[in-house]
Amino acid sequence: MVMEEKPKKLLILYASETGNAIDAAERLDREAERRGCPVLLLSVDDFDPSSLPDQEIVIFVVSTTGQGDNPDSIKVFWKFLLQRNLTQTWLSRVNYAVFGLGDSGYQKYNFVAKKLDKRLSDLGATAVVERGLGDDQHPSGYEGALDPWMSTLWKALYQKDPKLFPKGPELMTSNMSLMDQPKVQITYHDVAEGTSNFSSIPDVKLLEMQIESTRFILPGKLSGKYSPECFLKMVKNDPLSKAGSGKDVRHFEFEAVSSSIQYEVGDVLHILPGQDAAAVDAFIKRCNLNPTSYIRVQANDNKEIEQSYDLRNTLTVPVRLKTFVELAMDVASASPRRYFFEVMSYFATAEHEKERLQYFASPEGRDDLYEYNQKERRTVLEVLDDFPSVQMPFEWLVQLVPPLKTRAFSISSSHSAHPNQVHLTVSVVSWTTPYKRKRTGLCSSWLAELDPQKSVLIPAWFQKGSLPSPPPSLPLILIGPGTGCAPFRGFVEERALQSQSGPTAPILFFFGCRSEENDFLYRDFWLFHSQKGGVLSEEKGGGFFAAFSRDQQQKVYVQHKMREESFKIWNLLTEGAAVYVAGSADKMPSDVLLAFEEIVSKEGRVPKEAAVKWLRALEKAGKYHVEAWS
């Protein structure tokens, strides 16, 4: 009797920071399955790196964050790959492909994908196709590169092993058979059963349980720790910028409600924002849902589910449907993905709507979908309103509505100076879309509208950022234009405290804003610490320098002020100073680096190439840190 050969499995590993890499990986998963190929889809931190040599075909989908940084989920895996005892033949039996997601506006564009590709090759693995690089700047976003790359990938895999795709690389099974089963199932409970569970639980504990039991459904490890580390209440909400200046920057102060808090300067605070109550109600009404019903969400009993969703925490207690939507589903801020439109097309009863949705979900309609959806930042609620004949089952909505994500902010206080508090410096985000529709940032506008008198509970998590806390003996060169000054307010507060009990190293701080009158953030604070004996004072070897870009005809930025103070900067660098840069990711980090290159070249009297190498060595030594945000 001939043993039937077990079909090969395609392993897809993803490392995501914001969720885009998960979307791309899930798309590869669906497309492979439609070609009859079995797939295992995992977040890279759910995969044991020591078993990599046993895999025949692995597809990596990885995003690059910040200034070329690894997403958190790939850090352990990457460290494993860098072990010196791994030989050049360690992965000789492995075939692989890498698709990266990045933004060519950043200096280290798709750096994680590029270095992963090189390392896999160095360890003996064979690339099935050339790496693909998705670019946020492309008219269709990362999908502009993913579509052609995927087509090449399927053909290359088919040539390598035709058994992978039993019906050929182009042929897809009927989509309908794959659309039948959503990945989650929902059980409804009567109200009495739901309310009896919660009647005697205090508010803070109840909210903690609800967050924990709703957010487990997020794909991979995107949700981080399910349960908040603490709850905060706002105690101060002060404007920092002048009214009518065209910017709204706030200083927020929070106190811990449930437990004591611990953080270091340079750390980051993640906040789960509240959603607009009217938008949540409108979504529930549009989808014909009962807000007061109690539900339990769990994995559908099929093989796909445990791959894409971390469901070890399946809802143990029923939760109110409205609470689930509020805490887990971003209905009025994030834009839905392409797959959302594909699934919508199956539930559209009006023919013209079905046709338009099918076009949007097709390769031909990709650019038009990007114009309609992502560029306009169309929300789930708006999309559903544009296609009124679509009635999607709640199971599909739970699976496909973008998850409500936490927002990250640089902490602008020192824990030593404010033991039970944490402060943030937040620019309230608002912009106009190409079709002149006003948009606001979900979290920043929600925080700006909070009344400190109302004691609203704010779920929060603390995390290490890209700016390590410096010891008091380390000289610092800080560059923080705009809200980039936030972490350095904490640095200066901390060093001022340290200076009361012993000697501290000097700090040079370069701040920048548009106008001295309108948005000179924390003006009095910086000037106070620049005075006699302060940690930013000249007599302590430090200095505070402000660039007001719009206060004269010629624009003046932080890099211009740095060049003016090149002698001071060079002196501090030769004394072993560390450089910290924070602020907008646009052009600022590269302009600042260029200024440093010129300063090192001029003051150190070395050619430009040597200055570039010198700064690279500074970065490798852990003394050049950048935290930038878009």
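Of the cross-linked pairs K540/K602; K75/K183; K160/K587; K114/K405; K115/K183; K115/K464, which ones have a Cα-Cα span greater than 32 Å in the structure shown? Can you show the working numbers first?
Numbers: K540/K602 25 Å; K75/K183 28 Å; K160/K587 44 Å; K114/K405 27 Å; K115/K183 34 Å; K115/K464 23 Å.
Cα-Cα > 32 Å for K160/K587; K115/K183; rest within.
If you stretched the chain out fully between E609 and S473, how much longer would it get, using 0.36 nm times the residue separation minus the C-alpha to C-alpha distance? Provide the component values of the computation, followed by the final result.
Values: separation 136, 0.36 × 136 = 48.96 nm, distance 3.04 nm.
Between E609 and S473, full extension yields 45.9 nm more.
Hey, can you grab everything whose amide H is under 5 Å from the amide H of S333? Only 5+ residues off in sequence or another chain; H modelled, so Pro and N-termini drop out.
V380
Please report the projected area of the chain's Cα convex hull averaged over all directions, in nm². Walk me through the intermediate numbers first.
Details: hull surface 132.1 nm².
Computing the convex hull of the Cα atoms and averaging its projections yields 33.0 nm².
Enumerate the whole-percent occupancy of each 10 Å bin, from 0 to the last occupied one, for all C-alpha pair distances of the range 1-104.
14, 43, 31, 10, 2, 0
Within the range 536-551, whose backbone N sits under 14 Å from a point 7 Å along Cα→Cβ of E516?
Output list for this probe position: 545-551.
A256: net charge of surrounding residues, Cβ under 12 Å, Lys/Arg +1, Asp/Glu -1, itself excluded? Mind dumping the intermediate values first?
Details: positive: K233; negative: E229, E253, E255.
Surrounding charge for A256 is -2.
How large is ³J(HN,Hα) for each residue in the range 514-530, as worked out from phi by the Karplus curve 6.51 cos²θ - 1.76 cosθ + 1.60 (θ = phi - 60°), to whole Hz, x for Gly and Pro?
My calculation for the range 514-530 gives 6, 8, 4, 7, 9, 9, 7, 5, 6, 3, 5, 4, 5, 5, 4, 6, 8 Hz in order.
Give me the log10 of I(q) over I(0) for the range 397-533 at q = 0.14 Å⁻¹, as the Debye formula computes it from C-alpha points; what are the numbers?
-0.83
Ignoring ligands, DNA and RNA, please state the percent of accessible area on the chain from carbon and sulfur, probe 1.4 Å.
Carbon and sulfur atoms account for 50 percent of the accessible area of the chain.
Within the range 92-106, list the residues whose amide N lies under 15 Å from a label point set 7 Å along Cα→Cβ of T152.
Answer for this model: 96-101.
Would you mind checking which residues have amide H under 5 Å from K587's amide H? H placed 1.01 Å from N; only 5 or more apart, or other chain.
none
Can you tell me, using C-alpha contacts under 8 Å and at least 6 residues apart, the relative contact order of the range 33-145 as a whole percent?
Values: 189 pairs, mean separation 30.4, N = 113.
With pairs under 8 Å counted, the relative contact order is 27 percent.
Find which of W614, Q552, G246 sits farthest along the positive direction of the dipole of the chain, computed with +1 on the beta-carbon of Lys and Arg, -1 on that of Asp and Glu, about the Cα centre.
Positive-end residue among those listed: W614.
Taking the Cα centre of the chain as origin and charging only Cβ (+1 Lys, Arg; -1 Asp, Glu), how large is the dipole, in debye to the nearest 20? Working shown, then result.
On the way: 73 positive and 81 negative charges, 227 e Å.
The dipole of the chain has a size of about 1100 debye.
Per residue of the range 276-285, what does 6.51 cos²θ - 1.76 cosθ + 1.60 with θ = phi - 60° give for ³J(HN,Hα)? Whole Hz please, x for Gly and Pro, Karplus curve as stated.
Working through the residues one at a time gives 4, 4, 5, 5, 5, 4, 5, 5, 4, 5 Hz.
Once you have the Cα-Cα distance between L594 and S245, take 0.36 nm times their residue separation minus that, and quote the gain in nm to one decimal.
On the way: separation 349, 0.36 × 349 = 125.64 nm, distance 3.04 nm.
Contour length minus the Cα-Cα distance gives 122.6 nm.
Taking every DSSP beta bridge with both residues inside the chain, roughly what % is antiparallel (nearest 5)? Present the calculation step by step, with values, prior to reporting the outcome.
Numbers: 40 of 83 bridges.
Bridges in the chain are about 50 percent antiparallel.
What's log10 of I(q)/I(0) for the range 61-133 at q = 0.13, 0.23 Å⁻¹, Debye sum over Cα points only, no solvent?
At q = 0.13, 0.23 Å⁻¹ the computed log10 ratios are -0.37, -1.04.
Toward the positive end of the charge dipole of the chain, about the Cα centre and with charges on Cβ (Lys, Arg +1; Asp, Glu -1), which of S345, I599, A127 goes farthest?
My answer, from the dipole projection, is I599.
Cβ under 12 Å from G141's Cβ, G141 left aside: what net charge do those residues give with Lys, Arg +1 and Asp, Glu -1?
On the way: positive: R337, R338, R366, K375; negative: D23, D103, D135, D136, E143, D147, D367, E371.
With Lys, Arg at +1 and Asp, Glu at -1, the net is -4.
Tell me the Kirkwood hydrodynamic radius of the range 105-149 in angstroms, computed as one over the mean inverse distance between distinct C-alpha pairs. Write down the numbers at each step before the final one.
Numbers: mean 1/r = 0.0857 Å⁻¹.
So the Kirkwood estimate lands at 11.7 Å.
So, for the chain, what is the accessible surface per residue at a probe of 1.4 Å, expressed in square angstrom? List each step's numbers first, then the result.
On the way: 28190 Å² over 630 residues.
Here the residues of the chain average 45 Å² of exposed surface.
May I ask you to work out the translational diffusion coefficient for the range 424-471 at 20 °C, viscosity 1.002 mPa s, via Stokes-Einstein with Rh from the Kirkwood sum over Cα pairs, reported in whole µm²/s? Write down the numbers at each step before the final one.
Values: Rh = 13.9 Å.
Value of D from the Cα-based Kirkwood radius: 154 µm²/s.
Modelling each spin label as a point 7 Å along the Cα-to-Cβ direction, I'd like the F567/E364 distance in nm, to one decimal.
7.0
The values are calculated or read from the model by the stated rules, or taken from the named source; none is laboratory data. Because the structure is predicted, anything quoted here is derived from the model rather than measured. We place every Cβ from the backbone using ideal geometry, glycine too, and count neighbours over all the protein chains shown. Just so you know, the surface numbers come from the protein's heavy atoms only, side chains and all, with ligands and any DNA or RNA stripped out. Shrake-Rupley method; radii C 1.70, N 1.55, O 1.52, S 1.80 Å.
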